[in-house]
Amino acid sequence: QHGRVKIKSTAQQEEEKRKEREKKLKAYVSARDGILKKRSAGEHDEEALQLTQQLLSSNPDFATLWNYRREVLLHLETLREKDEVQKLYESELHFIEACLKVNPKSYGCWHHRSWVNTRLPQPDWTRELGLCDRCLSLDERNFHCWDYRRVVVKESGVSVEQELQFTDHLIGSNFSNYSSWHYRSTLLPQLHPQPVPDSAPNASPSPTTSPQFHSHRVCEEQLLKEYELAHNAFFTDPNDQSAWFYYRWLLGRAEREEMISCVYVSREGERVSVAFSKPVHAQSEGLMLVLDGQPQQVQWRSAHPRFRHSPVWLCDLPPGSISDISNEHNLNIHWTEKHTHRDCALYTGSAESWCRDSATDQELFRSELSVEKSSVLQAELQSCNQLLELEPQNKWCLLTIILLMRALDPLGHEKETLAHFQTLKEVDPMRSSYYSDLCSKFLIENTILKMEYAEVRVFSLSDKNLTILCHLDQLLFVTHINLSSNQLLRLPPQFAMLQCLEVLEADDNAIESLEGLYHLPKLEEVSLRNNQICKLSDLESLASCTKLTRLDLRGNPVHRTANIESELSQLLPLVAALSL
């Protein structure tokens, strides 16, 4: 045994490690308690900086200690000359940089560094930009550093063009740099905004403007260049998701402008419905109704009490205001906060009237394409189809083909789109529910377009495997809806926006909740055969539909409820034709 190194057993090693950890923890806790005691005593001296430095050097994520350091630094700042203050904070920056080497993604470090630069008499933003460059070269997805970079860019006046070139460099070295793609999407609308109609020729922002304020639309010329950049990226690595996500953003529609999209007025009930392009809080938005030149005192309410913000708002006019069918009336809805208005005329002999922008007019589901853009997207679709032949199981390619088809011609490509959705569910079963919901959304959009082209008020989507309902604010005028033989679980609160609905067919689903059948003033007939309505309480919302006279609940578990017929007759006394 002589001359051989004694090897410790695993148990001995673990015991020694445990004792070492306990020793370090004891020292750490002792130092922490000492620091907190000094803070409680209001001591803001050099020793406090030294003690907090010792702990933060090993654990930069102790937010309380960073807060204490700020208190100390603010106190010392009052005791020193300007040059000394500069040195004090520069020393702090060096310390923070050392902490970032311990944890480059420390919330406390980056926040404290941002604060220190606000206190520096002469901050060096060029140095800070260089620090960001170094950190991002080590970890291009460090979102803490990306956030800090935006602060630095704002303060230093770096141009949008320079920052866009920075993303060019990062993306060029690594197509998988998702953060750079995202940053690029925030810069492009600033540097290459879509021209605003009737604006002055020099109204577009200068490329030297700091990249902080932007519109949300990108001019077509630049979009076509971006298609090519993303195209090169996903052909290089078809399975990397970064470029595919960016490409999806390029194909997406810009955020809708805030506007009144529709006004509907009915003599029956003397009710006015106003639809907006996005959810608003009408009670605080300065919404004013003028009838025949006279402002009216009305109470605006959302279609369902669940919604504080809603795209559809309702009000009742004073009794007798428009009930006489022999009179003609003019309504004006003024949205004072947005300096816009919408007019609607109710003619003699008409029981109702409306003024609206269709989904097509609003470019709600697809934007109008120029000849050039259409040509480019057609070429992109052809390229993606070629890639799909090489990569038939590539979910990103499949989804992008669907989006391209919808951008080009959603109705003309409907069959192909449905087939691709089915393939997506097979190659990516973990996201099958997401694809089902997205497919449902696209089918609803297509049906709204078909309904508008045919100028009818009947909405039929039976046997389409729908899993969700959306765009219900676009169905304000629909009188008859058929949603039978789908996979719906509920009629959501948004369903209450269907203020003209008279007949609802929703047989053969799995509906458990009828929350959206709420105060529908014209609803007369509801068929809910073979669903999952279990309790009498699930039907309570129907009591608010005062014209409901026919209700079919056959094949629902609720029929097993004791005394169901008498209970329903009390809950819904006006329903004359009840089927259980």
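The values are calculated or read from the model by the stated rules, or taken from the named source; none is laboratory data. No experiment lies behind these values; they were computed from the predicted model shown. Don't worry about glycine lacking a Cβ; one is built from the backbone with ideal geometry, like all the others, and counts go over all protein chains shown. The protein model used for the area step is the full one, side chains on, heavy atoms only, and it has no ligands, DNA or RNA in it. Shrake-Rupley method; radii C 1.70, N 1.55, O 1.52, S 1.80 Å.
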Practice task
Evaluate region 467-479: report whether one residue or more is free of Cβ contacts under 8 Å to residues at least 40 places away in the same chain, more than 28 Å from Ser432 (Cβ to Cβ) and surrounded by fewer than 18 Cβ atoms within 10 Å (Cβ to Cβ).
Solution key: no
Fill in the blank from the handout: Of the listed residues (Glu16, Glu43), the one being modelled with pLDDT under 85 and not aliphatic (A, V, I, L, M) is Glu16
Completion exercise
Of the conditions (1) exposed (fewer than 14 other Cβ atoms within 10 Å of the Cβ); (2) within 26 Å of the chain's Cα centre (by Cα); (3) of a type outside the set (Lys, Arg); (4) at pLDDT 85 or above, the single one that Gln222 does not satisfy is (1)
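For the condition within 29 Å of Asn142 (Cβ to Cβ), open to solvent by 50 Å² or more (accessible area, probe 1.4 Å) and free of Cβ contacts under 8 Å to residues at least 12 places away in the same chain, what is the one hit in Thr78, Thr118?
The conditions single out Thr118.
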Problem - helices (runs of 4 or more DSSP H) (entirely within region 45-132) containing at least 2 residues that are over 19 Å from Cys145 (Cβ atoms) - result: 46-58, 63-77, 82-102
Practice task
Spot the failing condition for Glu452; the list is (1) assigned to a loop (DSSP other than H, G, I, E, B); (2) surrounded by fewer than 17 Cβ atoms within 10 Å (Cβ to Cβ); (3) touching a residue at least 60 places away in the same chain (Cβ under 8 Å), and only one is missed.
Solution key: (1)
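So that you can scan it fast, the table gives a plain yes or no per residue for (1) basic (Lys, Arg); (2) under 18 Å from Ala577 (Cα atoms); (3) in contact with a Lys or Arg (Cβ under 6 Å, 6 or more places away or on another chain):
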{"position": "Leu489", "(1), (2), (3)": "no, no, no"}
{"position": "Asp508", "(1), (2), (3)": "no, no, no"}
{"position": "Glu515", "(1), (2), (3)": "no, no, no"}
{"position": "Leu520", "(1), (2), (3)": "no, no, no"}
{"position": "Leu528", "(1), (2), (3)": "no, yes, no"}
{"position": "Arg550", "(1), (2), (3)": "yes, yes, no"}
Practice task
Tell me which residues, restricted to region 525-580, are open to solvent by 50 Å² or more (accessible area, probe 1.4 Å), in a helix (DSSP H, G or I) and of a type in the set (Asp, Glu).
Solution key: Glu540, Glu565, Glu567
Practice task
State whether one or more residues within region 321-331 are free of Cβ contacts under 8 Å to residues at least 40 places away in the same chain and under 15 Å from Met259 (Cα atoms).
Solution key: no
Handout entry: Residue identified as touching a Pro at 6+ places or on another chain (Cβ under 7 Å) and within 18 Å of Leu501 (Cα to Cα) among Leu469, Leu475
Key = Leu469
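Of all residues in region 223-276, count the ones that are part of a helix (DSSP H, G or I) and within 30 Å of His519 (Cβ to Cβ).
The qualifying residues number 3.
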Handout entry: Residue within region 429-436 that is without any contact (Cβ under 8 Å) to a residue 40 or more places away in the chain, crowded, with 21+ Cβ neighbours inside 10 Å and assigned by the TED database to the domain that holds Arg554 present
Key = no
Completion exercise
Taking first residues from region 45-71 that are open to solvent by 50 Å² or more (accessible area, probe 1.4 Å) and second residues anywhere that are not in a helix (DSSP H, G or I), the pairs with Cβ under 8 Å that are 6 or more apart or on different chains are Asp61/Asn103; Asp61/Ser106; Glu71/His44
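Of the residues Leu364, Leu404, Leu408, Leu398, which single one is out of contact with any Lys or Arg (no Cβ under 8 Å at 6 or more places or on another chain) and either at pLDDT below 90 or open to solvent by 50 Å² or more (accessible area, probe 1.4 Å) (or both)?
Of Leu364, Leu404, Leu408, Leu398, the one residue that is out of contact with any Lys or Arg (no Cβ under 8 Å at 6 or more places or on another chain) and either at pLDDT below 90 or open to solvent by 50 Å² or more (accessible area, probe 1.4 Å) (or both) is Leu408.
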Problem - Residue satisfying all of: in region 143-194; outside any helix (DSSP H, G or I) and more than 27 Å from Arg119 (Cβ to Cβ); modelled with the lowest pLDDT among these - result: Gln194
Exercise for the section: Just give me the residues in region 476-493 being touching a helix residue (DSSP H, G or I) at 6+ places or on another chain (Cβ under 7 Å) and modelled with pLDDT of 95 or more, in sequence order. Expected result: none
Completion exercise
Residue hits (region 482-503; crowded, with 23+ Cβ neighbours inside 10 Å and outside any loop (DSSP other than H, G, I, E, B)) are Phe495, Ala496, Met497
Practice task
Go through region 165-182 and give me each residue that's open to solvent by less than 10 Å² (accessible area, probe 1.4 Å) and not polar (S, T, N, Q).
Solution key: Ile171, Trp181
